[in-house]
Amino acid sequence: MAGTSEGVTSLQMDIKISGVNRDIMRQALLQAKEGRMHILGIMNSTLASHKTNVSGHAPRIITLKVRPEKIREIIGPGGKVIRGIIEATGVKMDVEDDGTVTIASSDEEASKKAIEMVQKIAAEAEVGKIYKGTVRKIVDFGAFVEIFPGTDGLVHISQLAPERVRRVQDVLKEGDEVMVKVLEIDRQGKIRLSRKEALQETSQS
């Protein structure tokens, strides 16, 4: 007979006699209660309540949900990206076509690192938000800035600085890290960015 201090949760009976009357059942229940309370007392003296945190070395499996469109980016060409995450963290990782990402590890810090890497890849740009990005390509009419791995947007030359800019190269070069604000995301997912507005907002804060 199993249960808590509040009552019985389950029982199993193996009867080798023709029946059980009320007195026998009452005695069995009382004996079971005494035994249960004795065991619970020993358990509570060792651990009064359940642990709120799992040990950092306890095996754990974490499931994330991302947009199915992002799975290809998490896997990468020929599995390059997912292999990189596994090699960098030591976790076991699996992805499903529906956007489910499973991360398994007995190392809490490794799990956290893998989660951060996945979330960074799967991150979605938000209109009005400021991001730190990297200039990937300079063109005559502006610069393409990567704000997440595999996600970039265009900073038009008119949005490079508060003052008029004649040449993009006068302000930026490839590899520069810049703060940019998302102005718009069109139906095709193209992102329009502004360094000018990001500079103005960060200087006011």
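The values are calculated or read from the model by the stated rules, or taken from the named source; none is laboratory data. Model, not experiment: these values are computed from the prediction. Because the Cβ atoms are built from the backbone with ideal geometry, glycine has one as well, and the counts that use them run over all protein chains shown.
Here are some notes:
- Every pair of residues 6+ apart whose Cβ atoms lie under 6 Å, when the first sits in the range 1-30 and is more than 22 Å from Met43 (Cα to Cα) while the second is of a type in the set (A, V, I, L, M) and outside any loop (DSSP other than H, G, I, E, B): none
- Residues of the range 92-111 that are surrounded by 16 or more Cβ atoms within 10 Å (Cβ to Cβ) and within 11 Å of the chain's Cα centre (by Cα): Val101, Ile103, Ser111.
- Restricted to the range 112-145, and to residues there that are at pLDDT below 90 and among the small types (Gly, Ala, Ser), the residue that is surrounded by the most Cβ atoms within 10 Å (Cβ to Cβ) is Ala122.
- Residue in the range 76-91 that is surrounded by the most Cβ atoms within 10 Å (Cβ to Cβ), counting only those that are of a type in the set (A, V, I, L, M) and farther than 20 Å from Glu124 by Cα: Val91
- Subset tally (residues that are of a type outside the set (Phe, Trp, Tyr) and either within 11 Å of the chain's Cα centre (by Cα) or not in a strand (DSSP E or B) (or both)) for the range 112-148: 19
- Checking each residue in the range 59-75 for being within 20 Å of Ser111 (Cβ to Cβ) and surrounded by 13 or more Cβ atoms within 10 Å (Cβ to Cβ) picks out Arg60, Ile62, Leu64, Val66, Lys70, Ile71, Ile74, Ile75.
- Residue in the range 1-14 that is assigned to a helix (DSSP H, G or I) and not charged (D, E, K, R) present: no
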